[in-house]
Amino acid sequence: MKSTFWLVLIVTFLTGCVSQSINLNYYLLHSPQSAITADKQPRFQISLQKLALPEYLKQRSLVMQTSATTLHFSPHHVWAEPVQSGMIKALEHALWQHHHVLSVPVTLATHNEVLPHAEIAIAVDDFLPVSNGEAILSGKYWIQFPDKSKKMYIFNLRRNLNQDGFDHAVIQMQELINALGDHIAARLNLS
């Protein structure tokens, strides 16, 4: 009788543990709330040919570097969409809103010959918050102009994390994408 009581108690406890739902927090790199100003005239047109990401960004969990060689993948904080598509949306938005640079999809990359234009490929090496209190976006990109001249640029962008939590880290990551847009626009000869 006594062992049956304990068995029922343990089974009830384990059933309660298993049936608890996991609360997930979803994050976006682009902001659907920010208005896109359609009345601007483009000053430059780009075609983003490629955005290559490190393998650790090709999964849903948000990641933080906790030491020189260790990454932590959060089971409760996840991306609402693939990082690559969110990053492209955020970068295209930043280029348009801040610099009037129009991004044309690769599949529609027939450039308006009236506008100056270029093709861009980006390789991201790191894009994550780090336990030392920074968010990092680093890598390189290539710009190819119509005369087929190509230039490579290295970027190593950082933002301080003034608060704890993934909410603040994602906001700083969004700002890093804006800074990358500024970095690219500065090399497009937008005169």
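The values are calculated or read from the model by the stated rules, or taken from the named source; none is laboratory data. Computed from a predicted structure; not experimentally measured. Please note: Cβ atoms are built from the backbone with ideal geometry, for glycine as well, and neighbour counts cover all protein chains shown.
What is the number of the single condition among (1) modelled with pLDDT of 95 or more; (2) surrounded by fewer than 17 Cβ atoms within 10 Å (Cβ to Cβ); (3) under 19 Å from the mean Cα position of the chain (by Cα); (4) more than 19 Å from Glu175 (Cα to Cα) that Met152 does not meet?
The failed condition is (3).
State all residues of the range 131-149 that are within 19 Å of the chain's Cα centre (by Cα) and among the small types (Gly, Ala, Ser); if no residue qualifies, say none.
Those that are within 19 Å of the chain's Cα centre (by Cα) and among the small types (Gly, Ala, Ser): Ser131, Gly133, Ala135, Ser138, Gly139.
So Leu157 ticks every box in (1) in contact (Cβ under 8 Å) with a residue 40 or more places away in the chain; (2) part of a strand (DSSP E or B); (3) crowded, with 17+ Cβ neighbours inside 10 Å but one. Which box is left unticked?
Answer for Leu157: the failing condition is (1).
Name the residue that is nearest to Gln65 (Cα to Cα), counting only residues in the range 111-154 that are of a type in the set (S, T, N, Q) and part of a loop (DSSP other than H, G, I, E, B). Break it down into steps so the answer makes sense when it comes.
We begin by selecting, within the range 111-154, every residue of a type in the set (S, T, N, Q); these are 112, 131-132, 138, 144, 149.
Then keep just the ones that are part of a loop (DSSP other than H, G, I, E, B); that gives 112, 131-132, 149.
Numbers: Asn112: 43, Ser131: 6, Asn132: 9, Ser149: 37 Å.
Per the stated criteria, the residue is Ser131.
His100 - would you say it is buried (at least 19 other Cβ atoms within 10 Å of the Cβ), under 16 Å from Ile46 (Cβ atoms), touching a Pro at 6+ places or on another chain (Cβ under 9 Å) and modelled with pLDDT under 95?
Judged against the criteria, His100 is not a match.
Those residues that are of a type in the set (A, V, I, L, M, F, W, C), buried (at least 16 other Cβ atoms within 10 Å of the Cβ) and in a loop (DSSP other than H, G, I, E, B), I need them from the range 49-72; list them, please. Lay out the reasoning, then the answer.
Narrowing the range 49-72 to residues of a type in the set (A, V, I, L, M, F, W, C): 51-53, 57, 62-64, 68, 71.
Restricting the remaining residues to those that are buried (at least 16 other Cβ atoms within 10 Å of the Cβ) gives 51, 53, 57, 62-64.
Result: Leu53, single match.
Starting from the range 19-35, take each residue that is farther than 26 Å from Asn178 by Cβ and surrounded by 10 or more Cβ atoms within 10 Å (Cβ to Cβ) and list its partners that are of a type outside the set (Gly, Ala, Ser) and at pLDDT 80 or above, counting only C-beta distances under 8 angstrom and pairs at least six apart or across chains.
That search, which allows pairs on different chains as well, returns Leu24/His76; Leu24/His77; Leu24/Val78.
Considering each residue of the range 46-96, count those that are over 14 Å from Leu128 (Cβ atoms), of a type outside the set (A, V, I, L, M) and in contact with a helix residue (DSSP H, G or I) (Cβ under 7 Å, 6 or more places away or on another chain), and give that number.
2
Would it be correct to say that Leu188 is buried (at least 17 other Cβ atoms within 10 Å of the Cβ) and closer than 23 Å to Leu28 by Cα? Quick ask: steps written out before the conclusion?
On the way: buried (at least 17 other Cβ atoms within 10 Å of the Cβ): yes; closer than 23 Å to Leu28 by Cα: no.
Answer is no for this residue.
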